[in-house]
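Report on the structure given below.
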Amino acid sequence: MRGKGMFLAGLILACASAQAAEPVPLADFARHMKFGEVQISPDGKYLAAMAQIDGQRSLSLINLADNKAVNIRPRENAQVIQLWWVGPQRVMYTVGEAVGGLEAPVANGELHVVNADGSGNDLLFGYRAGAGTTGTRIQRKEGELASAWLLDKLRDDDNSALITVRPWNVSRVAVAGSDGLFAEARRINLRDGKTRVVATAPIRIAEFLTDHDGVVRFAYGDDVTQKRKVYYREGDDKPWELLVDEVSSSGRVTPIMFNRAGTAVYFSCGGVCRWDVATRKMETVWSANGADPIELVMTLDERDAFAVRSMPGRVAVSLLDKAAPEAKLLVELMQQFPGEDVRIASRSADGKKIVLEVSSDLNPGTFHLYDVANRKLTALLARAPWLKADDLATMEPISLKARDGTSLHGYLSKPVGKEEAKNLPLVVLVHGGPYGVRDTWGYVRTAQVLTNRGYAVLQVNFRGSGGYGFAFEKAGYQEWGGRMQDDITDATKWAIAEGIADPKRICIAGTSYGGYAALQGAVREPDLYRCAIGDSGVYDLRLMKSRGDIPQSAMGSGYLDMVLGKDDALLAQRSPVNQVEHIKANVMLIVGGQDKRVPPVQGETMRNAMLKRGKNVEWIYQRTEAHGFYDEANVTDMYSKMLAFLDRNIGAGSKHDAVADEAAAPAAED
């Protein structure tokens, strides 16, 4: 958003003034966002915000009457990672810790509570709950080896809440997708931390859904064969019954919320469906060709839904109930911020005050307070006020056809001032995941770094990506290095055919799966890419089945068999580490020494294989980083080296640049 002022004493950052220096300093891109989530209290008198203070993500509690803030800072090496209001003036929050030399915080499963004025800051639940105090009155039970998060704030009970508790499998505490124990829904006393089990899930790794009375009615999750199961019960102490089994159904569905009367339940079903509690029948109430819902927009009392948000290209909002007063209000608010995404981030219990989150490709996010009764909109906080919209590149949705006719969608960003330019140096930026993950419209840091230095950026949601229906996601199963790679190649060739990219100045880059695709692209298309950058990438698919956190459980191993397949010969063939002789591109590898998802051995073996073949490879290794760099200084250094690498290969320092500039120059007029 352009030209909006910020306020709030102690936390406010003034809007950047006038003209920014060109180019934007890399350190400005690397900075952590000043604010994360912002929530208004149920009584409408306070804000709770995750705020970056002196390098630490803290909890800021702001009194809206005088704009004064109290900052709750976790202990050293800890960061606040999530928050919820659980009473009119009571906040629950979780923290993550930088353990084992890691730069990025890892959630420790604890629940803390604090009053809106900063008093009563207590550790309520977690493995340390029985050890000492944080300086308050709570008489704690013994600590528990489990992780917990809020399930239901119980709007009619200010002293209790429902939490989901997932006990640790102590033999595999740090394992992603652990086979673990069965999740429980518990009622927790917000004063003394005592809990009581109200439901136990019928499957492992489950989530729960409550009705408007705080009764646990649904449990859902994926079984060890990766098939979605949804269980339902009629009320407390009623038995679970299997409602939907992906094995015997046409697709996967997930319950989202009950309607106002409690007679129906909204489901995500590729669109939005409504399940009738009495008849047990499901009907579709919203669908869009090629776009999944990303959020149901709740009424201001949070008892029903009136709209659905999706992202076919940019964010789209569709009204489910055009007669709802919130529908008219949302449309009016969206008109205040043309070209931006306007989202209701939180609301007071009486619906009279709303916190809006406004964002776009040019705006990492700003927060605004709307007084419904007085129709007054006030600017609050900005995530990155040091970045100016005029220095950022627009992100345009694109669509194309893959070689087999499959529709593909993605985004194209061009440098500021070169929106109409042709034959630009191009970086194909491949997202990670890959399954169920997608590139989205909005502020994308790496894309902005690249466009700010003169590169066009192409992002494509290849098959396997989320957001376009489960069938599109499943179409990517067992297609690492196959059709998924073809989609990326086809998008690159589309950019050439459209005159966007100079065919001699294209690099491919990505993180995690994107790192794999970057190197596999260099293998499969040796004459298409001048360079490839693999960040935290997988380069040996067979090794992925034995090293890293995913294969350390039966569920994780089953998942890898499903998405990679069991043909070892094919996996070896599709592994860049075994195809180094085909690579002509110059390569950069970026590795974090503490990466548990993709261990450093993946990057090390790729590097060694290339050096053995006499191939060029640049190496960036940070011992304390994990799966993607986190520390601001490390990120700045990484971007600096990446840009120098690009410059030598496809930028101003490359031998192709002078020829390209001459070809692109307009003819002299007589």
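Of note:
- Hits among lysines - C-alpha to C-alpha of Lys388 under 16 Å, sequence gap 8 or more where chains match: Lys4, Lys34
- 0 to 90° range, to nearest 10: angle between helix 554-564 axis and the chain longest Cα axis: 40 degrees
- Separation between Cα centres of the stretch 191-250 and the stretch 546-584, rounded to whole Å: 33 Å
- Look at the alpha carbon pairs under 8 Å that are at least 6 residues apart: their mean separation over the length of the chain gives a relative contact order of 10 percent.
- Charge tally in the Cβ shell below 9 Å around His32, where Lys, Arg are +1 and Asp, Glu are -1, His32 excluded: +2
- Note on the stretch 395-521: semi-axes of the ellipsoid equivalent to its C-alpha gyration tensor, largest first and rounded to whole Å, are 23, 15, 13.
- Cα-centre dipole for the chain with unit charges at Cβ (Lys and Arg positive, Asp and Glu negative), debye to 20: 760 debye
- Per-residue Cβ neighbour rank within 10 angstrom, fewest leading, Ile72, Ile62: Ile72, Ile62
- For the stretch 253-326: rounded, prolate or oblate by the Cα gyration tensor [a/c cutoff 1.5]: oblate
- The stretch between Thr200 and Lys281 holds 26.6 nm of extra length on full extension. This uses 0.36 nm per residue minus the Cα-Cα distance.
- Here the sum of -39500 (n - 2.57) over DSSP H runs of 4 or more residues, divided by the residues of the chain, equals -5000 deg cm²/dmol at 222 nm, to the nearest 500.
- In the stretch 411-514, trypsin sites (Lys or Arg not before Pro) in a DSSP loop with at most 14 other beta-carbon atoms within 10 Å: Lys418, Lys422
- Antiparallel beta bridges, as assigned by DSSP with both residues in the chain, represent about 85 percent of the total such bridges.
- Between 0 and 90 degrees, the angle of helix 513-524 with respect to the longest Cα principal axis of the chain falls at about 20 degrees.
- The long axis of helix 325-335 is offset from the longest Cα principal axis of the chain by roughly 30 degrees.
- Partner lysines whose Cα lies under 23 Å from the Cα of Lys596, excluding those fewer than 8 positions away in the same chain, are identified as Lys545, Lys566.
- Inter-centroid distance (Cα atoms) of the stretch 485-520 relative to the stretch 362-438, Å: 19 Å
- For the chain, the residue among Leu329, Gly481, Val86 whose Cα projects farthest onto the positive side of the dipole built from Cβ charges is Val86.
- Fewest-first ranking of Lys194, Lys353, using other Cβ atoms within 10 Å as the exposure measure: Lys194, Lys353
- Positive-pole candidate from Thr225, Trp275, His212, dipole of the stretch 179-276, charges at beta carbon: His212
- Residue order, fewest to most beta carbons within 10 Å, for Phe462, Phe258: Phe258, Phe462
- As a ratio to 2.2 N^0.38 Å, the alpha-carbon radius of gyration computed for the chain takes the value 0.98.
- Modelled this way, with points 7 Å down the Cα-to-C-beta line, the labels at Val331 and Asp390 are 3.5 nm from one another.
- Cleavage-rule hits (GluC sites (Glu not before Pro)) in the stretch 228-310: DSSP loop, at most 16 neighbouring Cβ within 10 angstrom: Glu234, Glu302
No value in this document is a laboratory result; all are computed from the given coordinates. Predicted model, so just to flag it, every value in this text is computed and none were measured. Cβ: placed from backbone, ideal geometry, glycine included. Neighbour counts: every protein chain shown.
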